[in-house]
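This structure is in structure tokens; I'll ask about it shortly.
Laboratory data are not the source of any read-out in this text; all were calculated from the coordinates shown. Being a predicted model, the structure only gives us computed values, none of them experimental. When we count neighbours, we look across all protein chains shown, and the Cβ atoms used for this are built from the backbone with ideal geometry, even at glycine.
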Amino acid sequence: MPCEDRFSHLVDGCIGSEVVLGTTGFGRKADIWSFGCTVLEAMTAEPPWGKGAIDGAPAAMRKIGYSTDTPPIPEGTSSGLLALLQSCFQRSADLRPTATELLSCEYFMPPVKDRRRHHESRVAWT
């Protein structure tokens, strides 16, 4: 990936700390962090860290790479979506779920009355 592309993703805050620090680089677990950022952007119509929270690459490196902060999740977020986002925003990539595990989150499950039918159809996907 060209350097300028990496920095554009850095400034918008959609990459995990392991990418910023270069410990494991891009990969599926980094994609899970980015997925959480995309969900936040869709919810708020703002960058995942909030409007103006990251001003340039040095600020992004401090915030994403060297702090223990995670993108703020809006108050009033449903419990299922909150759990999903919190799992995406684990600072340690090893603690983040796989994409398959994310599909098992409460947020993606239908209401209780429909779970049996949903589960039966999901078996056909795997």
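Given R₀ = 30 Å, what would the calculated FRET efficiency be for Thr98 paired with Ala59, taking r from the Cβ atoms and rounding to 0.05? Provide the component values of the computation, followed by the final result.
Details: r = 31 Å, r/R0 = 1.02.
Taking R0 as 30 Å, the efficiency between Thr98 and Ala59 is 0.45.
Next question. Label 7 Å along Cα→Cβ of Phe108; segment 58-83 residues with amide nitrogen under 15 Å?
The answer is 80-83.
Shape verdict for segment 9-82, please, from the Cα gyration tensor: rounded (a/c under 1.5), prolate (a/b greater than b/c) or oblate. Please list the in-between numbers first.
Details: a/c = 2.00, a/b = 1.36, b/c = 1.47.
In terms of gyration-tensor shape, oblate.
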